[in-house]
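So the structure is just underneath, and the comments pick up after that.
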Amino acid sequence: MSNEVLAAMVAALTGFGVAYLTLRTQIRQARMQLGAAHRAEIIRRQLDALEAIWSIFAAASRSGGEGRMLQARGGGQAISVEEARAFIRLLEDTFNARSGLYLSQKARRALFGFRDYIRDELIGNSSNGLLPLSTEQLAAFHEKRRFVRLCLRAEVGSTDLRVAQEELRLYEAGQKSRP
């Protein structure tokens, strides 16, 4: 074999090797970009879902008043059966739409624990109207509502605020110590 042919073969093999390594690198980068784009889309959808669920909690606001579940009655608080049912319906509709797909098991349990408390413990089979709440019922309502909101914050990642992290940790520690 002449030197020219040998040099051509070495150059061809070197070119093939460089092309192969370049192709592998590009395929790996394309997979990583596709995976990152998919993760970004999932995160965007999760944030949209959490915002949709968060927005329905206006009806459970501490401030009470028109369009809210809690309303002032005499010297205490009462729950509006109509507003509570509307809240439950909106919660279930929002969750059973696209939003529920992106929630963790912890957030789902908190949401439906709150719903069950309102439905089973507070309004039961009552007809429309206002039902007075005891101090214990009102405290439990606010506590369950707070836990749901903390779970939603944990989903979004806004518990990186030191206060929210501490609040969630204390709440969970308090729940474990209860029977």
Taking the stretch 68-102, which residues are closer than 20 Å to Glu51 by Cβ and among the small types (Gly, Ala, Ser)? Ala86, Ala97, Ser99, Gly100
Keeping to the stretch 58-75, report how many residues are surrounded by fewer than 16 Cβ atoms within 10 Å (Cβ to Cβ) and either at positive phi or in contact (Cβ under 8 Å) with a residue 60 or more places away in the chain (or both). 4
Hey, can you tell me all the residues within the stretch 38-73 that are closer than 21 Å to Ser134 by Cα, at pLDDT 80 or above and not basic (Lys, Arg)? Ala59, Ala60, Met69, Leu70, Gln71, Ala72
Of the conditions (1) at pLDDT 75 or above; (2) part of a helix (DSSP H, G or I), the single one that Gln165 does not satisfy is (1)
Return a yes/no flag: does the stretch 103-112 have any residue that is surrounded by 15 or more Cβ atoms within 10 Å (Cβ to Cβ), at pLDDT below 90 and within 17 Å of Ala52 (Cα to Cα). yes
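Quick one: is Leu122 modelled with pLDDT of 85 or more and in contact with a helix residue (DSSP H, G or I) (Cβ under 6 Å, 6 or more places away or on another chain)? Full working, then the answer.
On the way: modelled with pLDDT of 85 or more: yes; in contact with a helix residue (DSSP H, G or I) (Cβ under 6 Å, 6 or more places away or on another chain): no.
Judged against the criteria, Leu122 is not a match.
The values are calculated or read from the model by the stated rules, or taken from the named source; none is laboratory data. Quick caveat: nothing in here was measured; it's all calculated off a predicted structure. Note that each Cβ is placed from the backbone with ideal geometry, even for glycine, and that neighbours are counted across all protein chains shown.
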